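Visitor: Supplied in structure tokens, the structure appears directly below.
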Amino acid sequence: MEKMQSVDLNYWLPGDILQKADKMSMAHSLEVRVPFLDKEVFNFAAKLPKEAKIAAGTTKYIFRKAVSEFLPQETNERKKLGFPIPIRVWLRQNDWYQMVTDLFTSKEAEEFFHTEKLLQLLNDHKDKKADNSRKIWTVLTFLIWYDSFFTTCSK
């Protein structure tokens, strides 16, 4: 657990979550506060035993217990969301599906991938045979990046 927390604190938090929060808030002229990163709160939480952090099948156990009388049970027991975007849903919508199909069958895609396998991933995802959203998204972002930085230069 300590190794996972270390990765979160040293890499994921500053390199991802805090950057996203900062960009989103600054875009709307807001100043975000992060109370759980306050030094005193952080130091207190860091000293808690593992059982106070994870217990009864949930994270933030002691915090959830402390606020349970102030929050509806549904809110208190809700799973952590982070910054989700509905990629798996988008990729099943016709407009997105068509756009991805076009990219997956492009000559750029053929340079790097077996396009028939890409289409199989996409079709299996659309037909709900499998959740291939992460794989599809990875290839999609690569192709968009490649097109932005390489193919447009030669056009």
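Visitor: What do you reckon, is S6 surrounded by 10 or more Cβ atoms within 10 Å (Cβ to Cβ), hydroxyl-bearing (S, T, Y) and modelled with pLDDT of 90 or more?
Guide: So S6 does not fit the description; no.
Visitor: Under the condition of being of a type in the set (A, V, I, L, M) and not in a helix (DSSP H, G or I), which residue from the range 89-133 is surrounded by the fewest Cβ atoms within 10 Å (Cβ to Cβ)?
Guide: A130
Visitor: Still on this model: For the range 66-88, name all the residues that are in a helix (DSSP H, G or I) and more than 19 Å from K128 (Cβ to Cβ).
Guide: A66, V67, Q73, E74, T75, N76
Visitor: Scan (1) surrounded by 12 or more Cβ atoms within 10 Å (Cβ to Cβ); (2) in a helix (DSSP H, G or I) for the single condition K23 breaks and write down its number.
Guide: (1)
Visitor: With the checklist (1) aliphatic (A, V, I, L, M); (2) touching a Leu at 6+ places or on another chain (Cβ under 8 Å); (3) closer than 30 Å to L119 by Cα in hand, flag the one item M99 doesn't pass.
Guide: Unmet for M99, out of (1) aliphatic (A, V, I, L, M); (2) touching a Leu at 6+ places or on another chain (Cβ under 8 Å); (3) closer than 30 Å to L119 by Cα: (2).
The values are calculated or read from the model by the stated rules, or taken from the named source; none is laboratory data. Please read these numbers as outputs of a predicted model, since none were measured by experiment. Glycine also receives a Cβ, built like all others from the backbone with ideal geometry; neighbour counts cover every protein chain displayed.
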